[in-house]
Amino acid sequence: MRKTIVAGNWKMNGTSESIKALLENITGGAINIDGLVTLVCPPAVYLSQVVAQTADAPVSVGAQNVSAQPKGAYTGEWSLEMLQDLGCEYVILGHSERRSIFGESDAIVAEKVAAVLEAELVPVLCVGETLEQREAGNALAVVSSQIDVVLQQVGIEGFASTVIAYEPVWAIGTGLTATPEDAQAVHAAIRSQLAKHDANIAENLSILYGGSMNAANAAELLAQQDIDGGLIGGASLKADEFLTICAAAAESRK
Ligand code: PEP
């Protein structure tokens, strides 16, 4: 059975004090129902604080990135063993900011997905096209090739334990959102791409939408058949907005 996942990507925001306050509100209102995952992904330096503060709440914790290397001379990086040690369950990979600002190629992202699966954490694999690629009519081709590189690395079996986030790059942090119909079309295409390899794995895969999802547009997006949650940036930094999206996600499971 597919899970519905509402994931907050806090990016490089917050202080220990502001995160404590934000989490108090999120844990206070978190919805505890079967099949709904509420996930927060703080900056890495606050992961252990967030894991401790969510210990008794129905809130999971993820990192925003990880090294594919096990250990050693990689200044500024952190390993999967460290994330396991902290009690972190999910890892966002291939976010467009990692791809465009930090030069992460499809191959690097695929290598990280393989490492995360090997460590038995859950990768949240981000894919999505730029505005230029969409306007050229290439959105589906871009997303499909980003997924293909990962498929070649981990096989279809890897997608049994992976979450995909479709994040059109032009919608991230811009206030622009894909229409529910456009987002649904890409989500359905992703599912059918994977169904060609294994229908059951494709059916059970959670595919999240990301790109300016907020309290006002979440219900309509989440009502789409192949949208199984959201990866939320800006709106996840406000507890009331984030909880409204969680409530819409819970409603979408009924
Ligand atoms: C994101 O960073 O993954 C994201 C979707 O950001 P925003 O919701 O702010 O567009």
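Of all residues in the stretch 32-76, those satisfying the criterion of being open to solvent by 50 Å² or more (accessible area, probe 1.4 Å) and within 20 Å of residue 103 (Cα to Cα) are 69, 73, 74, 75, 76.
Contact map, the stretch 230-249: residues that are more than 13 Å from residue 36 (Cα to Cα) and acidic (Asp, Glu) paired with residues that are within 9 Å of the ligand (Cβ to nearest atom) and in a helix (DSSP H, G or I), Cβ distance under 7 Å, separation 6+ or inter-chain. Pairs shown: 241/235. Does at least one position in the stretch 50-66 carry a residue that is in contact with a strand residue (DSSP E or B) (Cβ under 9 Å, 6 or more places away or on another chain), at negative phi, within 16 Å of the ligand (Cβ to nearest atom) and in contact (Cβ under 8 Å) with a residue 60 or more places away in the chain? Yes - at least one qualifying residue is present in the stretch 50-66. Within the stretch 48-93, the set of residues being within 19 Å of residue 6 (Cβ to Cβ) and either in contact with a Pro (Cβ under 8 Å, 6 or more places away or on another chain) or not in a loop (DSSP other than H, G, I, E, B) (or both) comprises 50, 51, 53, 60, 61, 62, 63, 64, 90, 91, 92, 93. Here 183, 178, 171 are screened, and the one residue that is at pLDDT 95 or above and under 17 Å from the mean Cα position of the chain (by Cα) is 183.
The values are calculated or read from the model by the stated rules, or taken from the named source; none is laboratory data. Everything quoted here is computed from the prediction, not taken from an experiment. Neighbour counts are summed over all protein chains in view; Cβ atoms, including those assigned to glycine, are modelled from backbone coordinates with ideal geometry. What goes into the accessible areas is simple: the full protein's heavy atoms, side chains included, and nothing from ligands, DNA or RNA. Shrake-Rupley method; radii C 1.70, N 1.55, O 1.52, S 1.80 Å.
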